[in-house]
1. For region B:300-332, give me each residue that is more than 22 Å from B:VAL387 (Cβ to Cβ) and open to solvent by less than 10 Å² (accessible area, probe 1.4 Å).
2. Quick check on region A:10-29. Is at least one of its residues surrounded by fewer than 16 Cβ atoms within 10 Å (Cβ to Cβ) and within 14 Å of another protein chain (Cβ to nearest Cβ)?
3. What residue, among those in region B:340-367 that are closer than 20 Å to B:ASP181 by Cα and assigned to a strand (DSSP E or B), is most open to solvent (accessible area, probe 1.4 Å)?
4. For region B:763-798, name all the residues that are away from every other protein chain (no Cβ under 14 Å) and touching a strand residue (DSSP E or B) at 6+ places or on another chain (Cβ under 6 Å).
5. Scan region B:393-413 residue by residue and report those that are more than 28 Å from the chain's Cα centre (by Cα) and in a loop (DSSP other than H, G, I, E, B).
6. Taking the options B:ARG323, B:ARG390, name whichever one is over 20 Å from the mean Cα position of the chain (by Cα) and over 29 Å from B:VAL203 (Cβ atoms).
7. So which strands (runs of 3 or more DSSP E) are wholly in region B:103-215 and hold at least 3 residues that are away from chain A (no Cβ under 14 Å) and touching a helix residue (DSSP H, G or I) at 6+ places or on another chain (Cβ under 9 Å)?
8. Within region B:686-704, work out how many residues are under 18 Å from B:THR298 (Cβ atoms), more than 10 Å from every other protein chain (Cβ to nearest Cβ) and not aromatic (Phe, Trp, Tyr).
Amino acid sequence: MYPAAFEYHTPGSVREALSLLGKLGDDAKLLAGGHSLIPMMKLRLAQPKHVIDLRRVPGLAGIKDDKGTIVIGAMTTHWQVESSPVLREKCPIVSDTAGVIGDPAVRNVGTIGGSLAHADPAADMPATAIAAGFEFVCEGAKGRRTVKADDWFKGLMSTAVGDDEILVEIRVPAWAAGSGGAYLKFPHPASRFAVVGAAAMVTLDGTGVCTKASVGITGAGTKAVRAKGVEAGLTGQTLDQATIEVAAQKAAEGVDVQADLQGSVEYKSHLCRVFARRAIEAAVKRAKG
Amino acid sequence: MATVQSDRLFGKSIKRREDPRFVTGRGTYVDDVKLPGTTYAAFVRSPHAHARIRTIDTAEAKRHPGVVAVFTGADMTGVNSLPCGWDLRQSKNIPGVVQDLAMVPHMPLTSDVARHVGDPVAVVIADSRDAATDAAEKVKVDWEVLPSVTATDKATAPGAARVHDAAPDNIAFKWELGGGDVDGAFKKADVVVKKRIVNQRLVANAMEPRACLARFDEATGELTLWVTSQNPHVHRLLMCAFVLGIPEHKVRVIAPDVGGGFGSKIFLYNEEVVCSWATRQLKRPVRWTSTRREAYLTDAHGRDHVTDAELALAKDGTMLGLRVKTTANLGAYLSTFAPAVPTFLYGTLLNGVYQIGAINCQVTGVFTNTTAVDAYRGAGRPEACYVLERIVEAGARALKMDVAEIRKKNFIPKFSGAFQTLVAVSYDSGDYGAALDKLLQMFDYKKFRAEQEAARKQGRLLGIGFSTYIEACSIAPSKVVGALGAGAGLYESGKVRVHPTGMVSVYTGSHSHGQGHETTFAQLVADELQIPIEQVEIIHGDTGQIPFGMGTYGSRSASVGGTAILMSINKIKEKGKRIAAHLLEASPKDIDYVNGSFQVKGVPDKAVPFGAVSLTAYVPHNYPDGLEPGLEETSFYDPSNFCFPFGAHACVVEVERDTGAVKLLRYLAVDDVGNVINPMIVDGMVHGGIAQGIGQALWEGAVYDVQSGQLMTGTMSDYALPKADLLPMYETGRTVTPTPVNPLGIKGAGETGTIAATPCVVNAVVDALAGLGVDHIEAMPLTTERVWQTIQAATAKR
């Protein structure tokens, strides 16, 4: 449980970090909160020769409201996300999701950007990233570009961030009026990562008809995905129990469900449906206020 | 002896004296001991479940900066196999042996074949832990990977990989125990229930991982070993006499503060032997501290039985006969006491708290390519209790009898002195009905059954489970265990040294690694001597200070270790009476010990306080002729029998139909552990034990990959330990049936919860699903998927 030797770098700016990253290439890993990287290094599953610590880069942490879009710095801790008054008001599902990550010790140090760039298949926030429509801002030598949540998660622990880029901020659109959202998970009995997690956001019009539905599933497969079939079953409908139940049946469609000690494909697919239903029900309840 | 009076220190819930040290981080654990010139050992371990070693190339590792030495098994000439301390052989007249125990070698560093993932093949010793760890990765082993077998029920199958040449069918031993006409019982039965009952493999997970620090002093020729041990003398004896062949009087074993054991720190392990050997080669201290990953791979595991059980019943619920066939997985090697666990600690408990007409128990021990299995909290007794409590419930369901009623109907009636079971042991005292009655009262059982029925009508799956258990504690009468194959006696030592000022140092062979001996033994001594507890110090865990002792396991410290201390206290009092009689010019037989003073019977004015007598003993100017000075006594207590605590537990669960998740709503326990020195400490033991027992029922389980033989649950993020927020507030009670075996009336309390809780929870889950037609779930833990699949299968059938 002791990492192999490595060089430790503490850049003072994103530019400096990018320059190190460019120079060191594959031998380097970026360190954010360290709650994924360091355990892997201790088990020697990861043995980077260089660790570039982003914690001394100013301006990467913090939450602000940018004309209806909430901007979360990549180095913002889960606890800051969980307790942010701005997020609680404008898009509370993000705070709710942050609040069920790990335990207080993890949330005090682990960061939203680190987690989303690591893209653990059982992480919580990816489901919400899809449901809430996160945008990922990556910075490289040539400047910044923005990636939509649907294009972010590429596969097992793989994202759209380039080898020569750093994820610097996450942009979250504020809720439309009449919206509600919920993230619910079936926790792993040991790690409490999501065996299956479902995030749902719905927007209802004045008559109770769903004008927009957005559902993300995490845990079951190699990456978080959008449950398009479920969304289609909700949009344009009045969301009574039967409608939700029918729509949720499609929750595992498009998920490359992986069997492991926590469940067979059959069971995990079933859990996708159960937690999609529960998350939608909770979201509808909240949308109705 | 009678139940204790309430105004005594014996029986009071005083706070633990050791806790301030522990909770403020000021304990001294093995890894806290710092010595100049220390080197650090890192072990090279097999990544394969089963593989032949073609060559080991250590050249590159030896060149790594900071490396002092690299050793393989070939370097350890003159070093013997780790011993197995329990011998099951017909030629030794061990009862029940059907096939002799295959005494397979277990070398500290294996040279020919690695037999489980984690099996050590080389050690790198360096100036720093980092250098040792890095260099260990540079040792190149050329492996010839062999087929492996890990599953208990596949070990003896035709074509299974052979773990040891000395055990051709992977059979370690065959053993049988029983009594009564079993075949006859089954012939006349109205109902026979037969179930496969799997008791899965567990990992102990002590909070402090194993560690050792060995120092050879060339000047004196003395070796000191600091080690995480529950029994430092046993470690010393096994290492000196069997493995290293070095003089015992030149070896001192110190087990300082030790952070939990649950059995896993009883045994002599490879790493301790290698470090003790290496320090003699290098003339420098050698340290090893296990990582958690290594702990999962190398600490002895627990349980791992596959059992086919059959219960023969009469229509009215009378238990006529019990047949049990168990395959017990011993892992790749014979750990120190491994053969005793699934035999004499298991078969002997199958009579339970019931009058059963006839019993037969057959056990086959098997080798597999897994970590060695040995005693884990309860050790054999939880496995026996689980089989019995599950099959009894299945019987009740088959007869449509109430699960509490079937137990009551078959309880052994209240007795004291002896109840001879059909499985060799004789119980000391018991009142099993009283414990269940008290539990049912606390539970408000009938009301709860009505609530359950109402919940069922709403579609909720509520279940009630029971277990009424017995266990054998106070281990153990030496002659008895010797006749059964033990390589050691199981007495305990207790030395009491009264200092001139009346301060008292107590040296116990018991070892506290969480049990609270520094409090309970001090309570016992202060209570007996009627002196302030501050005057009493408890010393343990150091072969250089304490008389030869056997250590702590099998809930034996208070009953066996405590009695040894009591015997020395009594000797102190007898000697004190002679000194006091001299000072008071009276006859010793007229002296009483009252309120901390020696006084002439009935004459409180004519008295000498304890401190005055102790001072006189060391300044013997005015002193009885012919009496030795000093006030220090040593005793060894060997119990005449085991003690048999018992009790009744119940719980209420709710099963979530959608997911199979089990939520514990209530947990009740009534335990009878005889007299209790410190009720708060015993409550703590009960609480912790219940948590561990629930852990086995619902979450814990070591899983090996069938193909590769890799341990799939080798970290704390894979192996699910019980967590506080998943457990209800326990409702505990106690009945007190003192044992006649020892003068303290103490039975033992360390393992009760672990034994009782597991079947209790599983019974409750089965009860919750009974409305769907479920009468059994074969395997634990009751993972959410296992429960959900059970619901699916039951629903499909209907």
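1. The initial filter retains those residues of region B:300-332 that are more than 22 Å from B:VAL387 (Cβ to Cβ), namely B:315-316, B:332.
Hit for region B:300-332 is B:ALA332, nothing else.
2. Scanning region A:10-29, I find no residue that is surrounded by fewer than 16 Cβ atoms within 10 Å (Cβ to Cβ) and within 14 Å of another protein chain (Cβ to nearest Cβ), so the answer is no.
3. Among them, the one singled out is B:GLN362.
4. Within region B:763-798, B:ASN763, B:ALA764, B:VAL765, B:ASP767, B:ALA768, B:HIS776, B:GLU778 qualify.
5. B:LYS400, B:MET401, B:ASP402, B:PRO413
6. Details: B:ARG390 fails: over 29 Å from B:VAL203 (Cβ atoms).
Only one candidate passes the filter, namely B:ARG323.
7. Because the criterion is at least 3 residues that are away from chain A (no Cβ under 14 Å) and touching a helix residue (DSSP H, G or I) at 6+ places or on another chain (Cβ under 9 Å), the strands (runs of 3 or more DSSP E) in region B:103-215 that meet it are B:120-126, B:171-179, B:191-203.
8. 1
The values are calculated or read from the model by the stated rules, or taken from the named source; none is laboratory data. Since we're looking at a predicted model, the values are computed, not measured. Don't worry about glycine lacking a Cβ; one is built from the backbone with ideal geometry, like all the others, and counts go over all protein chains shown. Note: accessible area is taken over every heavy atom of the protein model, side chains too, but ligands, DNA and RNA are not part of it. Shrake-Rupley method; radii C 1.70, N 1.55, O 1.52, S 1.80 Å.
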